[in-house]
Amino acid sequence: MDRLTIPLPTGVACASPDATLVERGEGYALIRSSRLAVLHGCADGQFYRSGHNSWSPSGWNDLAGPPLRIPTDERRATADDPAADDTVRHHGSWMGAVVDEVDGSGVLVGALEGGHPRVRADEDHLAAFDETRPALWLLAWGSEASIFDAYVRFLSDRARTPGRAPRVWCSWYSYYEKVSWDVLLGQLPGLAQLGFDTLQIDDGWQKGVGDWRANEKFGEDLGARASDIAALGVTPGVWVAPFIARPGTPFLTEHPEAFVHAPSGELAIAGYNWGGPYYALDTTHPLAQEYLRDLARSLVDAGIGYVKADFVNAAAIDGVRYEADVTGDDAYVIGSRLLREALGDDVYLLGSGALIIPSIGIYDGIRVGCDVAPIWKNYATEDRSDAEARNAFMTSVARLWLRPLIDCDPDVVFFRHMKNLLGDREISWLQDVAAVAGFKSSSDPLEWLTEQERSEVAQWLARRETVEVVGRTRFRLDGRDVDFAPGLEEPEHCYPVS
């Protein structure tokens, strides 16, 4: 049987028997197929890994080296795609690329449509496949810049309007779950005066994860708190995890049938946090869909204009759903679109834990790295998804190519030196990557900032820098050259010591 083959400058691409050539142009081809294999000819080059969700390790590493992956099963359940893990071969979600280190030429294969597209690579091959249904693949070849530009161009039709990210202060990296209205009340007017146009209350305001009513720390009245924030002339924001619930929350207790199940009949575990497992809403179930609409309406009715939707990757876990033929990625899109429509276009919707390519055109912005922390490198872990500033920085830098498609949130920037183990150089790297991304946020409490630091925050928030892309890690910010490569290197010390 003849198979679709496409000669490349350094090799050849061959598709599965079900393949159809949809379009071919200079340096690219669109192919619908279940599988696509590329003999890439870049044995001494590097592979670009696109991780499954916001927190998944992403970036470049040597084809001859080990794959970039999360080492533990439990963490992988939350921060990557467990079914795709490969201890030997490089692997990723929806897209991947290989580039020759000498001449900079390469090949990219990226899905434009699919049920659960994945890629694998070794020193000879780049394989793309979707075991659920034939996917629509872009095969692009040429320089590193041109192949990524081609993928962005073909994805751009579905994009919303990136570049309208607000200036956000959130409570998480200062108060965590101990946040209360009494703690925030004295902070918010001064933060608004610094130039934050959105003040977002993070985890700790709700009765439970899956019970989205204000608790006693917030007067059991989210609408009143949102009104207090709006009175400062800024947008009220709130954190929710719309697709998950913890044991004991009302909707899970009353309607376990509206959650994803394991083949054994038990609830499927979507991940681990808050000291135990949590479970995933079945976004194809009518009761779950009405639950999401009710949640969105309650936020809009309370006056919330900015929603940080966290742990949204849970909607995509493997399991048994009400609609049996829907893939995890499809379920993610169904739930995300429903949430988007119910909130309306006036609410800014940020996805954290978001599936990267499926989020384009639904969310206004997505987190593009793991959680940051006031520490550059934690000596106790080598897990690239763990909360530390270096991990967040590395993955965010690797995903800056997404900027024309969706707002890229690299997580908060620190200006404070109180309760902070970051040095000035590391702080400046975080500030610059946020400026390149165009998504500026912080979590520093007002009383932890000196007068000089407050002035620096205000000046940073006021700037809307002109960004020029120079190379993989190099940019110009208002004409100032910025190179993030030094921040990607292994640090000499875990902490800023001399």
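The values are calculated or read from the model by the stated rules, or taken from the named source; none is laboratory data. Predicted model only: the values in this text are computed from it and were never measured. Cβ atoms come from the backbone with ideal geometry, glycine included; neighbour counts cover every protein chain shown. Side chains are part of the model used for accessible areas, which takes the heavy atoms of the whole protein and leaves out ligands, DNA and RNA. Shrake-Rupley method; radii C 1.70, N 1.55, O 1.52, S 1.80 Å.
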Response to the item:
Selection over segment 438-463 where residues are in contact with a Lys or Arg (Cβ under 8 Å, 6 or more places away or on another chain), more than 12 Å from residue 191 (Cα to Cα) and either crowded, with 23+ Cβ neighbours inside 10 Å or at pLDDT below 95 (or both) yields a count of 1
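On the given criteria, is residue 300 free of Cβ contacts under 8 Å to residues at least 60 places away in the same chain, surrounded by fewer than 21 Cβ atoms within 10 Å (Cβ to Cβ), within 26 Å of residue 171 (Cβ to Cβ) and not assigned by the TED database to the domain that holds residue 52? Outline the logic, then answer.
Values: free of Cβ contacts under 8 Å to residues at least 60 places away in the same chain: yes; surrounded by fewer than 21 Cβ atoms within 10 Å (Cβ to Cβ): yes; within 26 Å of residue 171 (Cβ to Cβ): yes; not assigned by the TED database to the domain that holds residue 52: yes.
When the stated conditions are applied, residue 300 passes them.
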Practice prompt. Only strands (runs of 3 or more DSSP E) wholly contained in segment 1-104 count here; list those with 3 or more residues that are within 22 Å of residue 397 (Cβ to Cβ).
Written response: 46-49, 59-62, 90-93, 95-99
Item to complete: Answer yes or no: is there a residue in segment 351-359 that is under 30 Å from residue 298 (Cα atoms), open to solvent by 10 Å² or more (accessible area, probe 1.4 Å) and not hydrophobic (A, V, I, L, M, F, W, C).
Response: yes
Worksheet item: Just to be sure, is residue 415 touching a residue at least 60 places away in the same chain (Cβ under 8 Å), part of a loop (DSSP other than H, G, I, E, B), under 21 Å from residue 373 (Cβ atoms) and open to solvent by less than 50 Å² (accessible area, probe 1.4 Å)?
Response: no
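Okay, residues lined up against (1) under 23 Å from the mean Cα position of the chain (by Cα); (2) closer than 27 Å to residue 317 by Cβ; (3) among the hydroxyl-bearing types (Ser, Thr, Tyr):
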position	(1), (2), (3)
34	no, yes, yes
38	no, no, no
49	yes, yes, no
92	yes, yes, no
Practice prompt. Report yes if some residue within segment 367-380 is among the hydroxyl-bearing types (Ser, Thr, Tyr), free of Cβ contacts under 8 Å to residues at least 12 places away in the same chain and surrounded by fewer than 23 Cβ atoms within 10 Å (Cβ to Cβ); otherwise report no.
Written response: no
Discussion item. If I go through segment 65-75 residue by residue, how many of them are at pLDDT 95 or above and open to solvent by 30 Å² or more (accessible area, probe 1.4 Å)?
Written reply: 2
Worksheet item: Just checking, how many residues over segment 55-107 are among the polar types (S, T, N, Q), over 13 Å from residue 120 (Cα atoms) and without any contact (Cβ under 8 Å) to a residue 24 or more places away in the chain?
Response: 0
Response to the item:
By residue number, the members of segment 186-230 that are part of a helix (DSSP H, G or I), free of Cβ contacts under 8 Å to residues at least 24 places away in the same chain and hydrophobic (A, V, I, L, M, F, W, C) are 224
Response to the item:
Over segment 93-115, the set of residues of a type outside the set (Ser, Thr, Tyr), open to solvent by 10 Å² or more (accessible area, probe 1.4 Å) and more than 16 Å from residue 31 (Cα to Cα) is 100, 101, 102, 103, 104
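Restricting segment 381-412 to residues that are acidic (Asp, Glu) and closer than 15 Å to residue 55 by Cα, which is most open to solvent (accessible area, probe 1.4 Å)? Full working, then the answer.
Step one: filter segment 381-412 for residues acidic (Asp, Glu), giving 382-383, 386, 388, 407, 409, 411.
Now drop any that are not closer than 15 Å to residue 55 by Cα, which leaves 382-383, 386, 388, 409, 411.
Details: 382: 139, 383: 14, 386: 45, 388: 3, 409: 8, 411: 8 Å².
Step by step, filter segment 381-412, then rank; the result is 382.
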Worksheet item: Restricting attention to segment 479-495, and to residues there that are touching a helix residue (DSSP H, G or I) at 6+ places or on another chain (Cβ under 9 Å) and either under 11 Å from residue 376 (Cβ atoms) or of a type in the set (Asp, Glu) (or both), which single residue is modelled with the lowest pLDDT?
Response: 491
